[in-house]
Each structure stands twice: as C-alpha cells, then as structure tokens.
Amino acid sequence: MATTITKTKTLIGKAIRRREDPRLITGTATYVEDIKMPGMHYAVVVRSPHAAARIRSIDTSKAASRPGVVAVFTGRDVSNVGPVPCGASLPGLRVPHHTILATDRVYYAGHPVAVVVATDRYIAADAADDVEIDWEVLKAVADPVKALEPGAPAVHPEWPDNKAFDFHQEHGDVEKAFAEADVIVKQRILSQRLIPTPMETRGVVAEWRAADRALNLYSSTQIPHLLRSMVAQMLGLEENRLRVVAPEVGGGFGCKLNVYAEEALMGFVAMKINKPVKWIETRRENYLATIHGRGHVDDYELAATRDGIITGIKLRIIQDLGAYHQLLTPAIPTLSVLMMPGLYRTQNICADIVGVFTNCVPTDAYRGAGRPEATHGIERMVDILAAELKMDPAEIRLKNFVQPSEFPFPTATGLIYDSGDYAAPLRKALDIVDYQNLRREQAEARKQGRLMGIGMSTYGEICAFGPSPATPAGGWESATVKIEPSGKVTVLTGASPHGQGEETTFAQIAADELGVDIDDVLVVHGDTALVQYGIGTFGSRATAVGGTAVYFALQDLKAKIKKFGALLLNSDDVTLANGQCIDNKTGASKSVQEIAAASYRAMQLPPNTEPGMVSTHFWEPPNFTFPFGAHLVVTEIDRDTGAVKVLRYVAVDDCGNILNPLIVTGQVHGGVAQGIGQALYEQAVYDENGQLITGELMDYAVPKAHMMPWIESDHTVTPTPVNPLGVKGVGEAGTIGCSPAVVNSVVDALSPLGVRHIDMPMTPEKIWKLIRSAQ
Amino acid sequence: MKITVNINGKRYSNDVEPRLLLIHYLREVVGLTGPHIGCETSLCGACTIELNGKAVKSCTMFAVQADGANITTIEGLAANGKLHPVQEAFWNEHGLQCGFCTPGMIMASKQILDRNPNPTEEEIRHGLEGNLCRCTGYQHIVNAVKAAAKAVGA
Ligand code: FES
Ligand code: FES
C-alpha cells in the first residue's frame, strides 16, 4: 500500500526559529498577570520598612474597614502554615524558623508582615498603607564581614556569632605545597551581591475549589513540581489536590528556582476567602524580597613553581546568606568550592566557608550559582600569578590545563570532569584576535599613553544537575512522548523552561528520532496536572537531562513502532528510517502515523505488547557535565572619566553538541550580558542600617542596549559521554566565563600604573580614583 | 471620568477612575495582554505602546490623558493575519527569549524605524535605551531591527 514518504530529517544542529515565538511576538502569551478569573481578588503584601525590628503590635482595623477590603491576615493567622523550606543540608547547619509572615520580629527590610485582600488592586494597595504597625527598631547588620566581628548585632538572637555554618574541604597535601612553593600569591576578591532582575517579577494566582478540596496555584516559577510538593506540605494539602501551573514565565535566572512565602500565602488566602486571588510583585518588592545572588568575600592563596605550575590553592569564603535560608541558600557556596580548581590540574586544595547571617534578603541561586564566584576567583588568581612571574596569561593557563588524554579526570574536589580539550577554545580565541599582533598593538597604544587591556578567562563549569545523590531533590528529569492516534506527537517534559526554547529543541529531537515533520510535534510543560513529575529548568540542565529523557522515551517508542510495523508488514526484519517502517526484504513500508493508528485500533497486537503509543522515561544522569571555554576581552579606559570601553568581546564556548545554534548563541549573549552587568555595572547596596539603596531599576544598573559590546561568539565541540545527545549545557556559560575576562582586561589596561586587582563592579568612579591615586 | 479611546482600530468608551494608569486600563479594562508591566516607574519599557503615532510608556500616563487618542499595541501590529516586518524579524533573528520585554521592544523598534528607516547599530542601541531586556544581551534584537529595516526597505 502506498505510504506518505516523509523527507529525511536532520533538524538537530539547525538554526531553526523558535516555535514558542508566535504567541510572544503578538502579545498573546499568558503570563501569571494575564490570568483572569471570575470573582478574582487582589492581594498586597505589607512589608517591613526596617531591617531589624520587634513588632509591638499590628492594627489592621483601619485597613479591614476600607470598602472593598475582604480580609487582612497577619502572622498569627497563618501560624498553621508550615515554614518556608530549605532544601540544602550541611553538617551543623543552623536553620532559622522561617514563617510565611513575620510574627514578633522582622529580619530584613521587605520581610512580609501582613497581607491585605481586596476586590481591586488599587484598593488593596491603599489598604496596605492603612495597616498600622508599632515597631521597636533594632540594630541591624548588613555587611557579612562586620557581622562576624565580636559585638556585632545578632541577626538571630539565638546565634550571636551570626554564623549559620562552617564548612571545610581539603584534598592532597596543601601545607606541603605551600611550604615548597617558589611563589605564593594572595588576594581578597569580592563577588558582590547582585539582583537577578527577571523582567517579569514574581506573581501568583491561587484558586480554591472548595467542593473538590483542590487548590490551583499559578506561579511564575522554574520548578512547578517541586513547588507543588513543598506548598502542599506547607498548607497541609494532599499533593494530588494541588495543581501548580507555571504559565509563560518571563525569565528566572535562578531566582524562581525557589519556594517563596507568598506562594503558600496566596494558597492560604484563596482557601480562606474562597475566591481566586492574585498577587503580582512590584519591582520594588522584587528587589527587596526576591532572592539576591553572589555575596562573596573570598580570600585566595595560590602556590606555584617558578615556571608557573600551580601546586596548591587555598580559599576562604565568607558567604553573605541574608537573614534566612531560602531553598538552596547554604548550598550555593559549596558549588564554588567544587569548582575552585577551575580547568587546572592541581590536586592540593583547602577550602573553608563561613556562612553568615545578615539583615538582608537571602541570597540563593542566580545564573551560575557559585560557579561564577569560583571562576572569577581562580581566573583572577591565575592572572595575578602570571603578573608576579611576568608570564603571559595565555601561556600560564596552557601549562596548567588538564590534558585531553586525562579524561575522565578526577579533581581535587571530588568531581570527575567528563571530557574536554581545554586548550582548544583558548587557542581559537587567541587566533580570532590575532593575539601576538594584538599585544604589539597594545605596546604601541601604551607608548601613546593609552590604557588598553587584553584579558582572558578560561572557565569550566559544572552543569546538567545532576546525579540524584549529589542534589538536594532528585537530579533526574522526566519525559513522556505520545504518538496520538492521528500520528501527531506530544512531548511532555518535566523540565519547565522559561525562555530557553525547549519547545523547539525538544521538538527537533522528537522530529529527528521519529522522522516526522517538526510541525507535527508539540512540547508541553509547566502544568503538574498534565505533566508527570519533573524537576525543572536550572543549572543548565534542561536539554542535557530533560532532553535526554525525551531521547530515551523516543527510543522506547521506536522499538514499539518497529514491533507493530513488523506485524503490519508481516515481516521479521524491519528498519525504521525517515518516518517509515520498512520491510528489509520486500521494501514495503508503513508510516509512523499508520502504525500509531494501528496501535490504538489494536486489531492485532505484537506478542507481549500493549496497545497505544506512549512512553515515559525518567532519566538519571550518571555524572554532571562540564562545559568549558575561553572568553577574551579587549578594553580601553578613558583616562579622564574612568569609563571602560569594551573594544572586542570574543567568546569561544564548548557546550558539547549544539542542537540549535540560534538558541545556543542567544544563551551565550544573555549570559555574557549578565557577566558584563556584574563586571561593570551592577551591585546590590545595603546601607549600614540594612536599607536597600539600590531598590529600584533607577539605582540598580541592569545593562541597557548601548551598554553592551558586540559579542563575537564561536565554539569548539567536545561531546560529553555522559548523555547520548552529547550536550553539556550552555545556560550559564556566558555569565561564568565573562566577569573574570573583563576584570583581567581592565587590570591589564591599568597594570602600567601598578594596578594589580580591582573588585567589581568596575564603575567609572572606581577606575578614575585608581588612575588618580596612581598619578 | 468617561474616556473614549481608539485601540487597534476599535473604539472603547469607559468610565474610569482618574488615577487609573493607562497600562492598567489597557490590561484590566480593555483586556489586552500584550503590554506588560516590568516596573510601573517608566524604567523598563515593557509597557511601550504607540499613542497617536509616538511610542510611549503606558505606565507613565493616566488613562484619562489618553482620552480621544489613537492607540496601537503589539496586538494591533499584525494586519490580515500577516505579522508586521518587525515581528517577523524578531522571530527570524531570535530577538527574544522569555518574551516578557518583547511587546515593548517591538513597539520601540518600530518607532526607531518609523523615524529612521536605516538606523546604524549605534542608533538602534540608543533608540532602545528605554527598554530593558534581561535575556538576550540585545545583540539579536539589534540584528532584528536591522533585518526589519532591510525587509521594509526591500
Ligand atoms: S512598566 Fe512601564 S516602563 Fe516599566
Ligand atoms: S526576552 Fe526576556 S527580558 Fe527580553
């Protein structure tokens, strides 16, 4: 019988435009704020204006009596709701009890104290101002270094030393390495607090269906399933009666990889008022009450031989945790320790972390989460060492790289690097800029008194989180692939993307594997009522882990297609290619569509085979993946203003196989933008009273279009053996590789003035002062 | 107060509170989902619309100030089921990731091209100064504006 022949498909590796875009470019996508329900109410959260204070009393009567207000709840009302969870565990970790609303004390400016619910958002906002709180203002501490000083105000009175934990890791013989070193270099390096700033703030809509005892929770989250498990626990709901939907999510960058007080709070409110309720965070609230990132004070020491071989690394991290542990807060700096050796071979390391409470909003995962700090540290230190030894920064790196023959490579911190050729991206970057020539240009420029710098970083990162034993929740990801009776393919992924384009990349995988048209594939995600349990999108894991789950589900289906195909073709020797199951003897064939229809019609079944064409796979990765690369930055400093101009930005990234170059390049660009933001512009500043000075977009310098250089993005390709797709992950690479390259470049520019190190952000004011003081 | 506004070719007459922001009018009263709110303080540009031919941030205006105006939002750009060249270019050039800034970015980009059909990279970047994107690093957006300029010019 004649069959429709589908064309040979090779979508993998093609720069096809995204399938999620039509709704986004026409303004018809549904973000949380776009959800409307009959009878919907609006909530506004009342927050502490103080970083540390006792609540003497709260008077809600005026607010409650305003027309249109239906309820006001305070900490006492929500005492039955479980605490905001911390998923990380460390030996001896002190975990403050984190209620969803403060009861008698607040610990940071922005701390939720009450919630006002009204029929209209303007009324709710007015009524929030009517809530009267009698405060006893206490002394606050916002600086983690000061918080460790004796006599500092105690963030949590029960722990006067402000320490949440001490962490120690050691490997090899560090003392010997330092005792025998020809040279030791030391430097304190800061990775400042940053505010993630997704363009969509957080938001929640909660709908209680009393008759079913079921709660629908729409939240701008990266982890709908994990959120469901935890909010169910907090609210004492049966998990199968809580449906969490992550609708269109307007960016996350880690800050929506969390469980927030407001998510449980809105569930509580909806249940109490028996009406749908919506809460949308304002930008001001987003800055005050959504997690921040970084917040490191790092003391580094590097031991080396005279010819530049790194023989040992010591690191002490002071981690600013903020007032509480959010979902992963204390775990983030441990990722910095894991990656502290970078791409280098040394086996002698010693690391200490002290986790410090401050009267600030908690820090947690922000794009890169611990790895940008580690990369920034080691890549700065390698440059400082190179300067000390008067070696070329490229040469010293090439001398210390793990070699291609050494994989799988066990690191001093207990990881197994999967695969790589670490010199390759560096050499490529050097070629792209014609390095030797560029150095000559620089020498010329210097003669003319110009401040031109060339800086590089060679980064490695840990991605594709991760094997389950090494992660706080499961580290696997799930996929269901269904071929419907009509032959259309539906992919349900547990990874819940929010801008990364998996509706496209996963469709590419499915279309290629099945040999069907990509337009016949639909990727569904983000709804716990539709999608089997999953973990989520973070840690550059969605494609490497979630995509692999899709791949394996497809392998199951292919086997089943062949079984049904053999039956229909009455053959025992069939192959599946280009969407056709072909009898190898006669050349007769049946299409995947025909076979799917037959599998549901089930007139005949192959032996030991069920009807239907559905497969679910939970894929557990055997290891992390370790993308790497080299970023090279050419800068020039304006002597009069201190402004840094990036003349060239070259990014050579190795993220393994590339499924869609358009999307990968987009991830690199976006990552670099956040790295440039950290290197040059951004910093969350609290004053000594714990007031957030950079509390709005006016004061917090998210890079704008004219503040970004042109990025020349290139790649080397080293597939990972960890998954069959060979992909390593690329979501965070740009950010991780960027900041040290920019700082190294600026330090190089200023090195004729004797500058050895600069902390971020390298604002014109800071650079100008450095130039002045050198003159 | 009663206002009458022409939005995407359709007339709307509504009674509104004088303090109602235009963005809230468009989203809550008219029921649009294209213009977004990223700050409410005229810093992010997610709420950018076209009012009497000029790109404005609809969070910086009261609805009553728009009385009698002609408004185009992202929803009104595509004509007869055909995307506007700027929309098409954003799609082709991967000028968006999470898409939250996109409606505002597209409206601002259209305005750049309305004023200057052949902008340089620098002119594009300066023209987009009022619009923040946290996802793309802007490069693909710059490419999209260039591509749209070409498509319109062709
Ligand atoms: S919401 Fe109008 S500029 Fe941000
Ligand atoms: S695409 Fe996400 S903010 Fe621009």
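The values are calculated or read from the model by the stated rules, or taken from the named source; none is laboratory data. As the structure is a computational prediction, the values presented were derived from the model and not from experiment. Using ideal geometry, Cβ is built from the backbone for each residue, glycine included, and neighbour counts are taken over all protein chains shown. For the accessible areas, the whole protein counts, side chains as well, though only heavy atoms, and no ligand, DNA or RNA atoms are used. Shrake-Rupley method; radii C 1.70, N 1.55, O 1.52, S 1.80 Å.
If A:Asp134 satisfies every condition in (1) assigned by TED's automatic domain parsing to the domain that holds A:Glu238; (2) closer than 25 Å to A:Val259 by Cα; (3) open to solvent by 50 Å² or more (accessible area, probe 1.4 Å) but one, which is the exception?
Status for A:Asp134: all satisfied but (2).
Among the residues of segment B:133-147, what is the count of those that are within 8 Å of chain A (Cβ to nearest Cβ) and touching a residue at least 40 places away in the same chain (Cβ under 8 Å)?
Within segment B:133-147, the subset within 8 Å of chain A (Cβ to nearest Cβ) is B:133-142.
Now restrict to residues that are touching a residue at least 40 places away in the same chain (Cβ under 8 Å): B:136, B:140-141.
Going through segment B:133-147 one residue at a time, the tally reaches 3.
Please find, among A:Pro372, A:Pro393, the residue that is open to solvent by less than 10 Å² (accessible area, probe 1.4 Å) and under 19 Å from A:Ser745 (Cβ atoms). Full working, then the answer.
Numbers: A:Pro393 fails: open to solvent by less than 10 Å² (accessible area, probe 1.4 Å).
A:Pro372 is the lone residue from the list that is open to solvent by less than 10 Å² (accessible area, probe 1.4 Å) and under 19 Å from A:Ser745 (Cβ atoms).
Yes or no: B:Thr120 at pLDDT 95 or above, within 25 Å of A:Thr201 (Cα to Cα) and away from ligand 2 (no atom under 16 Å from the Cβ)?
Details: at pLDDT 95 or above: yes; within 25 Å of A:Thr201 (Cα to Cα): no; away from ligand 2 (no atom under 16 Å from the Cβ): yes.
Spelling it out, it is not the case that B:Thr120 is at pLDDT 95 or above, within 25 Å of A:Thr201 (Cα to Cα) and away from ligand 2 (no atom under 16 Å from the Cβ).
Go through segment B:88-132 and report how many residues are more than 16 Å from ligand 1 (Cβ to nearest atom), in contact (Cβ under 8 Å) with a residue 24 or more places away in the chain and within 7 Å of another protein chain (Cβ to nearest Cβ). Steps first, please.
Of all residues in segment B:88-132, those more than 16 Å from ligand 1 (Cβ to nearest atom) come to B:88-97, B:110, B:112-126.
Narrowing further to those that are in contact (Cβ under 8 Å) with a residue 24 or more places away in the chain: B:88-90, B:92-97, B:110, B:112-114, B:117-119, B:121.
Now drop any that are not within 7 Å of another protein chain (Cβ to nearest Cβ), which leaves B:90, B:92, B:94, B:96-97.
Of the residues in that region, 5 qualify.
Hey, could you check segment A:510-527 for residues that are open to solvent by 10 Å² or more (accessible area, probe 1.4 Å) and within 12 Å of A:Leu554 (Cα to Cα) and say which is nearest to the other protein chains (Cβ to nearest Cβ)?
Among them, the one singled out is A:Asp512.
Would you check if there is a residue in segment B:45-61 being at pLDDT 95 or above, more than 16 Å from ligand 1 (Cβ to nearest atom) and of a type in the set (A, V, I, L, M, F, W, C)?
No, segment B:45-61 contains no residue that is at pLDDT 95 or above, more than 16 Å from ligand 1 (Cβ to nearest atom) and of a type in the set (A, V, I, L, M, F, W, C).
Given the criteria open to solvent by 20 Å² or more (accessible area, probe 1.4 Å) and farther than 25 Å from A:Pro247 by Cα, does B:Asn92 qualify?
Considered against the rule, which asks whether it is open to solvent by 20 Å² or more (accessible area, probe 1.4 Å) and farther than 25 Å from A:Pro247 by Cα, B:Asn92 comes out as no.
I'd like the full set of residues that are among the polar types (S, T, N, Q) and over 28 Å from the mean Cα position of the chain (by Cα), limited to segment A:523-582.
Here is the first cut: in segment A:523-582, the ones among the polar types (S, T, N, Q) are A:528, A:532, A:537, A:540, A:543, A:548, A:555, A:570-571, A:575, A:578, A:580.
Residues satisfying the conditions are A:Gln555, A:Asn570, A:Ser571, A:Thr575, A:Asn578, A:Gln580.
So that you can scan it fast, the table gives a plain yes or no per residue for (1) within 16 Å of ligand 1 (Cβ to nearest atom); (2) touching a Gly at 6+ places or on another chain (Cβ under 9 Å):
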| site | (1), (2) |
| --- | --- |
| A:Ala127 | no, yes |
| A:Ile133 | no, no |
| A:Val137 | no, no |
| A:Glu158 | no, no |
| A:Phe178 | no, yes |
| A:Ile195 | yes, yes |
| A:Glu207 | no, no |
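Taking segment A:434-483 only, how many residues are surrounded by fewer than 24 Cβ atoms within 10 Å (Cβ to Cβ), within 30 Å of A:Ala511 (Cα to Cα) and in contact with a helix residue (DSSP H, G or I) (Cβ under 7 Å, 6 or more places away or on another chain)?
Within segment A:434-483, residues that are surrounded by fewer than 24 Cβ atoms within 10 Å (Cβ to Cβ), within 30 Å of A:Ala511 (Cα to Cα) and in contact with a helix residue (DSSP H, G or I) (Cβ under 7 Å, 6 or more places away or on another chain) number 4.
Using the structure shown, decide if A:Tyr300 is of a type in the set (Ser, Thr, Tyr) and assigned to a loop (DSSP other than H, G, I, E, B).
Numbers: of a type in the set (Ser, Thr, Tyr): yes; assigned to a loop (DSSP other than H, G, I, E, B): no.
It is false that A:Tyr300 is of a type in the set (Ser, Thr, Tyr) and assigned to a loop (DSSP other than H, G, I, E, B).
Looking at (1) surrounded by fewer than 24 Cβ atoms within 10 Å (Cβ to Cβ); (2) not in a loop (DSSP other than H, G, I, E, B), can you tell me which one B:Ile141 breaks?
Tallying (1) surrounded by fewer than 24 Cβ atoms within 10 Å (Cβ to Cβ); (2) not in a loop (DSSP other than H, G, I, E, B), B:Ile141 fails exactly one: (1).
Looking for whichever is among the hydrophobic types (A, V, I, L, M, F, W, C), part of a loop (DSSP other than H, G, I, E, B) and open to solvent by less than 20 Å² (accessible area, probe 1.4 Å) here; the options are A:Ala495, A:Ala507. Which one fits?
Numbers: A:Ala507 fails: part of a loop (DSSP other than H, G, I, E, B).
Answer to the check: A:Ala495.
Can you find, within segment B:70-87, the residue that is nearest to ligand 1 (Cβ to nearest atom) among those that are touching a helix residue (DSSP H, G or I) at 6+ places or on another chain (Cβ under 9 Å) and over 24 Å from B:Leu132 (Cβ atoms)? Please lay out each step first, then the result.
Here is the first cut: in segment B:70-87, the ones touching a helix residue (DSSP H, G or I) at 6+ places or on another chain (Cβ under 9 Å) are B:71-75, B:77-78, B:82-87.
The next check asks that each one be over 24 Å from B:Leu132 (Cβ atoms); those that pass are B:78, B:82.
Working: B:Ala78: 23, B:Lys82: 28 Å.
Checked segment B:70-87; the qualifying residue nearest to ligand 1 (Cβ to nearest atom) is B:Ala78.
Is it true that some residue in segment B:112-131 is in contact with a Gly (Cβ under 6 Å, 6 or more places away or on another chain) and crowded, with 24+ Cβ neighbours inside 10 Å?
Yes, that holds for at least one residue.
Would you say A:Asp104 is touching a Lys or Arg at 6+ places or on another chain (Cβ under 7 Å) and more than 14 Å from chain B (Cβ to nearest Cβ)? Before you say what the answer is, go through the steps one by one.
Working: touching a Lys or Arg at 6+ places or on another chain (Cβ under 7 Å): yes; more than 14 Å from chain B (Cβ to nearest Cβ): yes.
For A:Asp104, the condition - touching a Lys or Arg at 6+ places or on another chain (Cβ under 7 Å) and more than 14 Å from chain B (Cβ to nearest Cβ) - is met.
If I filter segment A:69-90 for residues that are within 14 Å of chain B (Cβ to nearest Cβ) and open to solvent by 20 Å² or more (accessible area, probe 1.4 Å), do I get at least one hit? Please lay out each step first, then the result.
So in segment A:69-90, the residues within 14 Å of chain B (Cβ to nearest Cβ) come out as none.
No - not one qualifying residue is present in segment A:69-90.
I need the full set of residues from segment A:165-190 which are touching a Ser or Thr at 6+ places or on another chain (Cβ under 7 Å), open to solvent by 30 Å² or more (accessible area, probe 1.4 Å) and not in a strand (DSSP E or B), in order please.
Scanning segment A:165-190 gives a single hit, A:Asp182.
Which condition number does B:Pro103 fail, the rest of (1) over 16 Å from B:Leu32 (Cβ atoms); (2) within 16 Å of ligand 2 (Cβ to nearest atom) being met?
Looking at each condition in turn, B:Pro103 falls short on (1).
Select from segment A:31-63 the residues that are in a helix (DSSP H, G or I), touching a residue at least 60 places away in the same chain (Cβ under 8 Å) and open to solvent by 50 Å² or more (accessible area, probe 1.4 Å) and list them in ascending order.
A:Lys62
Determine if segment A:479-487 includes at least one residue that is in contact (Cβ under 8 Å) with a residue 12 or more places away in the chain, within 14 Å of chain B (Cβ to nearest Cβ) and farther than 30 Å from A:Gly414 by Cα.
Going residue by residue through segment A:479-487, those that are in contact (Cβ under 8 Å) with a residue 12 or more places away in the chain are A:479-487.
The next check asks that each one be within 14 Å of chain B (Cβ to nearest Cβ); those that pass are none.
No, segment A:479-487 has no match at all.
Check whether at least one residue in segment A:259-277 is within 14 Å of another protein chain (Cβ to nearest Cβ) and open to solvent by 10 Å² or more (accessible area, probe 1.4 Å), and report yes or no. Talk me through it step by step, then tell me what you get.
Of the residues in segment A:259-277, the ones within 14 Å of another protein chain (Cβ to nearest Cβ) are none.
No - not one qualifying residue is present in segment A:259-277.
Here is a check on your reading of the model: is A:Gly690 in contact (Cβ under 8 Å) with a residue 60 or more places away in the chain, at positive phi and within 21 Å of the chain's Cα centre (by Cα)?
Details: in contact (Cβ under 8 Å) with a residue 60 or more places away in the chain: yes; at positive phi: yes; within 21 Å of the chain's Cα centre (by Cα): no.
No.
Here's a check for you: in segment B:40-58, which residue that is assigned to a loop (DSSP other than H, G, I, E, B) and open to solvent by less than 10 Å² (accessible area, probe 1.4 Å) is farthest from ligand 2 (Cβ to nearest atom)?
So in segment B:40-58, the residues assigned to a loop (DSSP other than H, G, I, E, B) come out as B:40-47, B:52-53, B:58.
Subsequent filtering for residues that are open to solvent by less than 10 Å² (accessible area, probe 1.4 Å) retains B:44-47, B:58.
Values: B:Cys44: 9, B:Gly45: 10, B:Ala46: 8, B:Cys47: 13, B:Ser58: 18 Å.
Going through the qualifying residues, I end up with B:Ser58.
Can you pull out the residues in segment B:73-87 that are outside any loop (DSSP other than H, G, I, E, B) and either open to solvent by less than 40 Å² (accessible area, probe 1.4 Å) or at the interface with chain A (Cβ under 8 Å from one of its Cβ atoms) (or both)? Step through it out loud before you land on a result.
Narrowing segment B:73-87 to residues outside any loop (DSSP other than H, G, I, E, B): B:74-76, B:79, B:82, B:85-87.
The answer is B:Ile74, B:Glu75, B:Gly76, B:Val86, B:Gln87.
The rows are residues; the columns are (1) within 30 Å of A:Gln775 (Cβ to Cβ); (2) without any contact (Cβ under 8 Å) to a residue 24 or more places away in the chain; (3) in a helix (DSSP H, G or I).
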residue: A:Gly420; (1), (2), (3): no, no, no
residue: A:Ala424; (1), (2), (3): no, no, yes
residue: A:Ala429; (1), (2), (3): no, no, yes
residue: A:Ile432; (1), (2), (3): no, no, yes
residue: A:Gln436; (1), (2), (3): no, yes, yes
residue: A:Arg440; (1), (2), (3): yes, yes, yes
residue: A:Glu444; (1), (2), (3): yes, yes, yes
residue: A:Ile454; (1), (2), (3): yes, no, no
residue: A:Ser457; (1), (2), (3): yes, no, no
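Go through (1) more than 24 Å from A:Leu692 (Cα to Cα); (2) outside the structural domain of A:Arg367 (by TED's automatic domain parsing); (3) open to solvent by 10 Å² or more (accessible area, probe 1.4 Å) and name the single condition A:Asp307 misses.
Among (1) more than 24 Å from A:Leu692 (Cα to Cα); (2) outside the structural domain of A:Arg367 (by TED's automatic domain parsing); (3) open to solvent by 10 Å² or more (accessible area, probe 1.4 Å), the lone unmet condition for A:Asp307 is (2).
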